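What follows is calculated from the coordinates using simple rules that are stated; it is not laboratory data. Worth saying up front: this structure is predicted, and the values here are computed from it rather than measured. When we count neighbours, we look across all protein chains shown, and the Cβ atoms used for this are built from the backbone with ideal geometry, even at glycine.
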Amino acid sequence: MESDDTGRLIYLVILGSVLAAYFIVANRARLGQVSRHALLWGIIFIGVVAGIGLWQDIRNDFAFRQASITDAGQIVIPRAIDGHYYLTLKADDVPVQFVVDTGATNIVLSRQDAKRIGLDPDGLRYLGVAQTANGQTRTARTVLTTLALGPIMERNVAVWVNEGEMEGSLLGMDYLQRFDRIEISDGKLVLTR
């Protein structure tokens with residue numbers, strides 16, 4: 001601490017002590033009630049200071065975050081509060097939210113998303129078998145006319161519809177390998193073409 005800082009600290013301690021002494025003397029008769037109020041205001045003050053100090057972390061955890069495309073053509077995807085990375089692509093002009101899954105080989109649609117796109121999951125031939133964390137499940141291969149991520153449009157993209165129950169669709173390496181570089185750092189997934 002520099003000498004100027006030490007002088008300021010001593011001044012603030014003396015000023016605070018004088019104010020506290022005056023406050024106690026002026027309110028001797030109601031000291032218990034005044035002490036409770038002072039404690040309450042002290043807790044409120046500490047809470048406000050903590051909230052201001054942690055605002056950036058709070059905002060990062062609870063604010064709605066979505067992918068963005070930079071001027072350099074990179075797609076920057078912030079990590080969601082659950083630790084996953086999500087991308088919304090237009091599958092045959094229908095927005096579908098995908099979990100980016102580097103452990104998945106294929107682009108896998110849930111039955112619900114397949115229906116929303118206009119596919120008939122019950123009419124598909126489930127000839128493939130996929131090994132998942134929940135065991136084996138059958139899959140059906142189909143082709144989307146278009147799959148678009150912002151201005152990036154892919155045509156005639158092979159996807160697999162999962163016969164089992166899935167919470168959402170997966171964006172696997174079949175799609176991710178179309179990028180030149182995949183980087184995960186500082187809570188962001190960056191895809192570069």
Among Leu87, Leu12, Leu31, residue whose mean-square fluctuation peaks in a GNM of the chain (springs only between Cα atoms under 10 Å)
Leu12
Would you look at the GNM of the chain, springs on alpha carbons closer than 10 Å, and say which of Arg155, Arg30, Arg181 moves the most?
Arg30
Restricting to Cα pairs below 8 Å that are 6+ residues apart, what does the relative contact order work out to for the chain? Please round to a whole percent.
20 percent
For the chain, with only Lys/Arg (+1) and Asp/Glu (-1) charged at the beta-carbon, what is the dipole magnitude about the Cα centre, in debye rounded to 20?
500 debye
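Wrap a convex hull around the Cα atoms of the chain, take a quarter of its surface area, and give that in square nanometres.
On the way: hull surface 78.2 nm².
Result: a mean projected hull area of 19.6 nm².
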Between region 1-47 and region 141-192, what is the C-alpha centre distance in whole Å?
59 Å
For q = 0.18, 0.21, 0.28, 0.31 Å⁻¹, what log10 I(q)/I(0) does region 3-61 give under the Debye formula with an equal point scatterer on each alpha carbon and no solvent?
-0.83, -0.90, -1.03, -1.08
Cut-off under 5 Å, modelled amide H: who pairs with Ala104 long-range
Met173
Computed, not fitted: 222 nm per-residue ellipticity of the chain from DSSP H runs ≥ 4 (each -39500 (n - 2.57)), nearest 500, equal to -11000 deg cm²/dmol
Using every pair of alpha-carbon atoms in region 67-109, split the distances into 5 Å bins beginning at 0 and state the percent of pairs per bin, rounded to integers.
5, 19, 23, 25, 22, 5, 0
With 10 angstrom as the radius, rank Tyr22, Tyr175 by how many other C-beta atoms surround their C-beta, starting from the fewest.
Tyr22, Tyr175
Along region 85-93, what does the Karplus equation 6.51 cos²θ - 1.76 cosθ + 1.60 (θ = phi - 60°) give for ³J(HN,Hα), rounded to whole Hz, x for Gly and Pro?
10, 10, 10, 9, 10, 9, 9, 6, 6
What span do the alpha-carbon atoms of region 89-193 cover on each of the three principal axes, reported in whole Å from largest to smallest?
40, 30, 19
At Val25 and Arg155, where each label point lies 7 Å from the Cα along Cα→Cβ, what is the point-to-point distance in nanometres?
8.9 nm
In degrees, nearest 10, range 0 to 90: what is the angle between the Cα axis of helix 3-26 and the longest Cα principal axis of the chain?
70 degrees
Please give the helix 31-53 orientation as an angle from the longest Cα principal axis of the chain, in degrees from 0 to 90, rounded to the nearest 10.
40 degrees
Can you tell me which of Gly123, Gly164, Gly135 moves the most in a GNM of the chain? Springs connect C-alpha atoms under 10 Å apart.
Gly135
Quotient of Cα radius of gyration and Kirkwood radius for region 23-132, i.e. Rg/Rh, equals 1.37
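With r as the distance between the Cβ atoms of Ser68 and Arg138 and R0 = 41 Å, compute the FRET efficiency 1/(1 + (r/R0)^6) and round to 0.05.
0.65
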Report, by chain and number, residues whose modeled amide H sits under 5 Å from the one on Met166, excluding near sequence neighbours (fewer than 5 apart, same chain).
Arg111
